[in-house]
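See structure below.
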Amino acid sequence: MELNQLTIHELQEKIKNNSVTATQITESVFSRIDAVEERVHSYIRLMKEDALAAAAKADVDIKKGNIKPLTGIPIALKDIVCTKGITTTCGSRILHNFVPPYNSTVVEKLRSAGAIFIGKANMDEFAMGSSTETSYFGPTRNPWDLERIPGGSSGGSAAAVAADECIASIGSDTGGSIRQPAALCGIVGMKPTYGRVSRFGLIAFASSLDQIGPFTKDVEDCAIMMNIIAGYDPKESTSVNAEVPDYRQFIGRDIKSWKIGIPKEYFIEGVDPEVNAAIKKAIRVIEQSGGQCVEISLPHTQYCVATYYIIAPAEASSNLARYDGVKYGFRAADVRELLEMYKITRMQGFGSEVKRRIMIGTYALSAGYYDAYYKKASQVRALIKHDFDEAFKPCDVILTPTTPTPAFKIGEKTDDPLQMYLSDVFTISTNLAGIPGISVPCGFTSRGLPIGVQFLAGHFEEGKLIQIASAYEKNAKIEKRRPTL
Amino acid sequence: MDFETIIGLEVHAQMLTDTKIFCGCSTKFGAAPNSHTCPVCLGMPGVLPVLNKKVVEYAMKMALATNCVINKSCEFARKNYFYPDLPKGYQISQYAYPLAEHGYVLLETNGEQRKIGITRIHMEEDAGKLLHDEHNPVSYVDLNRTGVPLIEIVSEPDMRSPEEAADYLKRLHEILVYLEICDGNMEEGSFRCDANVSIRPRGQKEYGTRTELKNMNSFRNVQRALEYEIKRQQYLVENGETVVQETRLWDDAQGVTSSMRSKEEAHDYRYFPDPDLVPIMIDDAWVKKINEELPELPPAKRERFIKDYQIPAYDVGVLTADKALALYYEEVVKLCNKPKVASNWLMGDVMRFLNEDKRSIRECPIKPESLADMIKLIEEGAISGKMAKEVVEDMYKTGKSPQEIIKEKGLVQITDEGELVKAITSIIEANQAQVVEYRGGKEKVFGFFVGQVMKATKGKANPQLVNELLKKMLAG
Amino acid sequence: MKISSREVEYVAHLARLEVTEKETEKFTAQLNDILLYIDKLNELDTKGVEPMNHAISVTNAFREDKMLDSIGTENSLTNAPDARGEFFRVPKVID
């Protein structure tokens, strides 16, 4: 095994017993990048020099015995989290040259835990997409099949972990943007409870839905990452000041006598038969592990996509108003009048998916339509949240497929936005309700494409998710495969 | 035709906090352009607002002082529009759920009380400042003011004349300054006012079409702009034309209002609750705490001054117009116990000096103790009123105590009878002709003798004593 | 039709997006599809349901009135596409 293929906890062991250096790990990641990045395109920007310098510094720390939880561990950051002094584009032309004078809280936390930043990962423009095809910097490819999409919007972060171009990465999830690419790339991805991980410095798509989370190679790494990034941040009003447990303690615990809800609305027409079969198998594994699976109902499931595609674009239309060519980023050349400056800058600066969502959102908030769209959707959102409140009364967790299908082909859905939106059907409700969710690999299709199973829990019950995901991971004994690149 | 005027005012008051409403940048006026800025108020990507608690408490004070109901729960909303002085492309304000509603202030004109309703008070952030290039088709943006906390106080359309509107404004201004939550500086924009005005034939129930007036940066301008606009609307109606609902700018130099056509495109602000900010819940305990912190407000203070100090209403009006002045006055009275005399000196000489130097009472070099001491010295007869005039001026110039000045200048009054008798005796001897005139019934000559004594004593003689002695000695 | 091409143009103007005739056409068709799909929500009776604006129920998040360092004029302007002296510069704003 190459160093870049190992997990955080495996590397930590090696660092602690002095069998590897941070520099060796980092170099191994970059040599992998040299070999495959041209084909996968996980990154918008690589930070090789900074990374090697940080690794050299980490090695000095290691010698002194000063080893922090992520000392020497190469991490990729979705290009949606602001990095001080390092261009942060959000996958958009309109921010192609933006250099933040501040770090996001998550970057601060990772840095003080000793992480080495490898680069800024590719993403759908402003996280709007499910395939990483809307990036201004070109699409990322699925390491398992380069003709296919890696999922999105955090496709670069997911592909980088799957292709061993980093050890773990950071993504963001507004409607499934961590869990869906994690499933399609065969890795672990968690969307924490809204308010659990600080959004400060996370470039906003839909503020009431956005949440940062990790991509890792296994569940234990997910717990390690959560230990670092979770926690209250006074710089965010919606941050929740609640105690953060040591998530690692949930690894290896059994789930005997747990009640697992299987929502019938998630087993519908349109779900790929191979996905269906893999999930059925996962349910059996859970039962064999001592969990009791019961059918439940989340009656408003069929309204989630419609609700989401009002609320998210509405918030986005406002969040993206700041990209006006005045203070930073792109401004169209040769504009003489103010109105022209705004309109041409935004026309040239945004891609078509972003514009489409700005249009939907602007329309939904405009005079005369607010009640029919935004208010209505916010009310349905309350009903969706209520579904979960009811479900979690008897159940510890809920189990669903993460995606209805495995990775689709690049270009397959770009001309049909509605079909693209429907690929988020199983992940969206989580964000609307603010609850946490995790996607864990649960097998492969006959073509060798990864499939993911999703676990959902109540607010701030990430520990339960780690516990069941870890139990599942241990008992499912999913064959260890690596993409052949 | 006889018209009735309908006026409603929207007042924006800058809250006197150290930092902005959603970030830790300074609110100080006059800094280098774009220096009081940070990623939050610059609207950079990914940054988030966190509400300054003091802004809420200041807004609550104003709400209580204007008899509003403070809502148990309120929230911020985004008002979306594009403008270069608005870095986020939206202003964080309050919309469906404001901080407070249903208040009023009482105005008194010619002894008649009028109640002006307050629709709502809400919190919001200020925008930046634009400067226009005079030679090139460009504008410059300064974002120092962006995010400075404001409250907006919206009145009911309850005012019926420009004078009443000006009265109402002055009352709000007075309350804000008394509460020490706003510096009230209209020139620097800490206190701004927009007016909605319409006319209707007297007796008609429906409101006429209103216009919104902006850009009036003094009480006088508000009144002038309203007067002009009312005449303009009357002229239109009387000539069979219609008033167009629009925003009009007051032009101070020309003394006219003019249409602001470029901003006339349909406003569609797409308000929605700001997902980055959480609801504000205000319980009774919090309201009670703020209520207890409220200072005595002008109407109560005026009543108390009249009752406790027995000074004329006019004096009370002047002395309570400025909270600091009222405080100063009360200190002086406490020390000398001469309310009317203290009022005379304060409103007369002291305020004249301050006005000449454009200083506020806070910057007055005379300490209240000094003024009280001086009044006591007059009462004791140690100095004359005339001397006091000189002393008070010196106190103002030097900041010294009256005792020091009297000592330095040798301004002690001659109250020694012997000394004065000696002086009067020689004056009588030297002016026998006048003595005869006086004794012959020409009483006017008395003044001449007083003058002579004062001249001889360099004004130091106690005038009362001089009068007494002269009368006695001239009588022969 | 849920939305006409004229409405699409109006919305594009509100959002300060320049759109070509072709784009307007495309947006009109796509927005119609999406809005028709969203019509699903009207199957639900939401009378009396309190709208949910936040994913969690935090209230009263405040900061003290304490000064923090500003980043200064130079840092504020570094990213500006057009800055002159201590200002951001934009095409003339007509009041």
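FYI, it's all coordinate maths here, none of it is from the lab. Just so it is clear, the model here is predicted, and its values are computed rather than measured. Glycine also receives a Cβ, built like all others from the backbone with ideal geometry; neighbour counts cover every protein chain displayed.
General remarks:
- The charge dipole of the range A:354-448, taken about its Cα centre with unit charges on the Cβ of Lys, Arg, Asp and Glu (plus for the first two, minus for the last two), comes to roughly 300 debye.
- Helix-derived mean residue ellipticity, 222 nm - over chain B, DSSP H n ≥ 4, -39500 (n - 2.57), to 500: -12000 deg cm²/dmol
- Other protein chain C-beta atoms within 10 Å of residue C-beta, averaged over C:31-42: 6.
- Rounded Å value of the spacing that divides the Cα centres of the range B:225-292 and the range B:404-476: 69 Å
- Mean Cα-pair separation over length for chain B, i.e. relative contact order, pairs under 8 Å, 6 or more apart, %: 14 percent
- Neighbour-count ranking [beta-carbon atoms within 10 angstrom, fewest first] of A:339, B:169: A:339, B:169
- Between residue A:446 and residue B:439, the simple label model (points 7 Å from Cα in the Cβ direction) yields a spacing of 14.9 nm.
- Low-density loop cleavage sites - trypsin sites (Lys or Arg not before Pro) in the range A:249-347, where at most 16 other Cβ are within 10 Å (DSSP): A:253, A:256, A:336
- Directionally averaged projected area (the range C:15-95, Cα convex hull): 12.5 nm².
- Estimated purely from DSSP H runs of n ≥ 4, each contributing -39500 (n - 2.57), the mean residue ellipticity at 222 nm for chain C is -11000 deg cm²/dmol once divided by its residues.
- Partner chain coverage, peptide A:101-110 - average Cβ within 10 angstrom: 2
- Mean separation of Cα contacts under 8 Å (6+ apart) over length of chain A, as relative contact order %: 17 percent
- Ranked by how many other Cβ atoms sit within 10 Å of their own Cβ, fewest first, the residues B:394, B:133, B:274, B:18 fall in the order B:133, B:18, B:394, B:274.
- 3J(HN,Hα) along the range B:287-297, derived from phi through the Karplus expression 6.51 cos²θ - 1.76 cosθ + 1.60 where θ = phi - 60°, amounts to 4, 4, 4, 5, 4, 5, 7, 5, x, 5, 8 Hz, with x in place of Gly and Pro.
- Two numbers describe the Cα atoms of the range B:254-384: Rg and Dmax, which are 23.8, 74 Å.
- From the alpha carbon centroid of the range A:1-34 to that of the range A:303-370 is 43 Å.
- Solvent-free Debye scattering, log10 I(q)/I(0), computed from the Cα coordinates of the range A:305-376 at q = 0.19, 0.23 Å⁻¹: -0.76, -0.95
- Amide hydrogen proximity for residue A:259: with H placed 1.01 Å from N in the peptide plane, the residues at 5 or more positions away or on another chain lying under 5 Å are A:292, A:396, A:397.
- The H on the amide N of residue A:452, modeled in the peptide plane, is under 5 Å from the matching H of A:402, A:403, A:442, each at least 5 residues off or on a different chain.
- Look at the alpha carbon pairs under 8 Å that are at least 6 residues apart: their mean separation over the length of the range A:3-250 gives a relative contact order of 18 percent.
- Relative to its Kirkwood radius, the Cα radius of gyration of the range A:351-485 gives an Rg/Rh of 1.04.
- Counting only residues at least eight positions apart within a chain, or on another chain, the lysines with an alpha carbon under 20 Å from that of residue C:92 are A:327, A:343, B:88, B:129, B:263.
- At q = 0.17, 0.26, 0.28, 0.32 Å⁻¹, base-10 log of I(q)/I(0) for the range B:184-233 (Debye sum, equal scatterers on each alpha carbon): -0.56, -0.95, -1.03, -1.20
- Residue among C:34, C:56, C:71 with the largest mean-square fluctuation in a Gaussian network model of chain C, springs linking Cα atoms under 10 Å: C:71
- Peptide A:337-348 is shielded by partner chain Cβ atoms: per residue, an average of 6 of them sit within 10 Å of its Cβ.
- Cα pair distances of the range A:406-485 binned at 5 Å [whole percent]: 3, 12, 18, 18, 18, 16, 10, 4, 0
- Residue exposure proxy: A:405, C:28, ordered by other Cβ atoms within 10 angstrom of their Cβ from fewest to most, comes out as A:405, C:28.
- Between the amide H of residue B:213 and those of B:195, B:196, B:197, B:248, distances stay under 5 Å, these residues lying 5 or more places away or on another chain, with hydrogens modeled in the peptide plane.
- Size descriptor, Kirkwood hydrodynamic radius, that averages inverse alpha-carbon separations across chain B, Å: 26.9 Å
- Helix-only CD estimate at 222 nm, as mean residue ellipticity for chain A, using -39500 (n - 2.57) per DSSP H run (n ≥ 4): -11500 deg cm²/dmol
- Cα-Cα pairs of the range A:100-148 separated by more than 17 Å (percent): 54 percent
- DSSP-loop trypsin sites (Lys or Arg not before Pro) across the range A:375-477, with at most 13 other Cβ within 10 angstrom: A:447, A:477
- For the pair the range B:1-28 / the range A:407-459, the C-alpha centres are spaced 49 Å from each other.
- Legend: Rg and Dmax of the range B:221-331, from Cα coordinates, 23.8, 61 Å.
- Against the empirical 2.2 N^0.38 Å (N residues), chain A has a Cα radius of gyration ratio of 0.92.
- Shown here for the range A:308-351: GluC sites (Glu not before Pro) in loop regions (DSSP other than H, G, I, E, B) with at most 10 other Cβ atoms within 10 Å, of which there are none.
- Alpha-carbon radius of gyration plus Dmax, which is the widest Cα pair, for the protein assembly as shown in Å: 37.8, 141
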